[in-house]
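Student: There's a structure below that I have some questions on.
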Amino acid sequence: MPKFSTPAILLRRSVYGDYDMIITFLTLSSGKITVIAKNAKKSRRRFAGRLELFALLNIECQRPRGQGMPVLVAASLEEPFSGIRGHVMKTAYASYWAELMNVWLEAEKPQIRMFSLLRYFLDALDKGVLGNAELSVIFQLRFLHLSGLSPDFSECRRCRVPVDAMDGDVFFFELAKGGILCKGCSSSALSAIKLSKGTVKQLLWIQSNDLKKAERLKFSRSSLIEGLDFLEKFVVFHVGRAPKSLRFLRTLRSEKYQ
Ligand SMILES: [Zn+2]
């Protein structure tokens, strides 16, 4: 039975029967995979607290001869990202990012850039290099870019007037078209989200700069909240359903901001 080993981030785990666990990883070599960890529930020693959410591990799996899930044979801890799990708000953001990967990615299809993206942002969240909300804005824009779904802020989606030439301080974004609309074109849009000019400029700036530079951007409070709210709606629209973890994250955030 062929064995394989790979770096892997733990996205999801659930108990299976009395003894086992079913675990979904985002791996470097095989993309998203779901494996069975036998006796992981019963024998704590077997994987000794290593199978924690968001942990970066090196895993070794064995594929069964016939059909069925690969079996997790061994796991060694590379980076626990324990600063995330000890903090409710960070856990909520990481859960949302992990669920996005889980619902969006096709199983067993290598996704090296998605793996690097999640690893990078879990590390940044763990270390607190930026605020959690700022990180989530940048994460979602990168996730959408890698998925080929980037929102288009450069020009009116209908009449093609460039964003710099648009009048007013409020723009409209049409989710179905994936782009902004000028004032004239927005009147005929069925559903459009209002975005201030400042927010559009900040999102556009993040899209056109590399990660290191994007991390130095100082968000204004209003643009941060507006941008975050917009991106979460945009992602849900394109992914096709609202991740459960997003509902939890939004509830938690509204309590915190009140
Ligand atoms: Zn227009």
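Student: Which one of these is closer than 27 Å to Leu146 by Cα, among the aliphatic types (A, V, I, L, M) and out of contact with any helix residue (DSSP H, G or I) (no Cβ under 8 Å at 6 or more places or on another chain): Val103, Val35, Val73?
Tutor: Just a single option satisfies the conditions, and that option is Val35.
Student: Being within 12 Å of the ligand (Cβ to nearest atom) and at pLDDT 90 or above is the filter here, so list the residues in region 166-181 that pass it.
Tutor: Residues satisfying the conditions are Met166, Phe171, Phe172, Glu174, Gly179, Ile180, Leu181.
Student: Just give me the residues in region 161-187 being within 20 Å of Phe237 (Cα to Cα) and open to solvent by 60 Å² or more (accessible area, probe 1.4 Å), in sequence order.
Tutor: Passing the criteria: Ala176, Lys177.
Student: May I pose another question? Can you confirm whether region 195-215 contains a residue that is crowded, with 17+ Cβ neighbours inside 10 Å and more than 21 Å from the chain's Cα centre (by Cα)?
Tutor: Scanning region 195-215 turns up at least one residue that is crowded, with 17+ Cβ neighbours inside 10 Å and more than 21 Å from the chain's Cα centre (by Cα).
Student: In addition: Considering only residues that are of a type outside the set (A, V, I, L, M, F, W, C) and farther than 20 Å from Gly227 by Cβ, look in region 149-165 and name the one that is nearest to the ligand (Cβ to nearest atom).
Tutor: Arg158
Student: Leu130 - would you say it is surrounded by 15 or more Cβ atoms within 10 Å (Cβ to Cβ), within 12 Å of the chain's Cα centre (by Cα) and not β-branched (Val, Ile, Thr)?
Tutor: No; evaluated as a whole, the condition is false for this residue.
Student: Is it true that Ala124 is open to solvent by less than 40 Å² (accessible area, probe 1.4 Å) and small (Gly, Ala, Ser)?
Tutor: Judged against the criteria, Ala124 is a match.
Student: Could you list, ordered by first residue, the pairs with Cβ atoms under 9 Å in which the first is in region 1-27 and without any contact (Cβ under 8 Å) to a residue 40 or more places away in the chain and farther than 11 Å from Ala40 by Cα and the second is of a type in the set (D, E, K, R) and part of a strand (DSSP E or B), at least 6 apart or interchain?
Tutor: Note: pairs meeting the criteria are Phe25/Arg12; Phe25/Lys32.
Student: I would also like to ask the following. Please state which one of Ser76, Ser95 is open to solvent by 10 Å² or more (accessible area, probe 1.4 Å), without any contact (Cβ under 8 Å) to a residue 60 or more places away in the chain and outside the structural domain of Lys233 (by TED's automatic domain parsing).
Tutor: When all the criteria are applied, what remains is Ser76.
Student: If you don't mind, there's one more thing I want to ask. What's the number of the only condition in (1) in contact with a helix residue (DSSP H, G or I) (Cβ under 8 Å, 6 or more places away or on another chain); (2) open to solvent by 30 Å² or more (accessible area, probe 1.4 Å); (3) closer than 30 Å to Ile112 by Cβ that Leu141 fails to meet?
Tutor: (2)
Student: With open to solvent by less than 10 Å² (accessible area, probe 1.4 Å) and in the same structural domain as Thr199 (by TED's automatic domain parsing) as the only criterion, which of Ser154, Ser150, Ser136 stands out?
Tutor: Ser136
The values are calculated or read from the model by the stated rules, or taken from the named source; none is laboratory data. Just so it is clear, the structure is predicted and the values come from calculations on it, not from any experiment. Positions of Cβ are generated from backbone atoms using ideal geometry, with glycine treated the same way; all protein chains shown enter the neighbour counts. Only protein heavy atoms, including side chains, enter the accessible area calculation; ligands, DNA and RNA are left aside. Shrake-Rupley method; radii C 1.70, N 1.55, O 1.52, S 1.80 Å.
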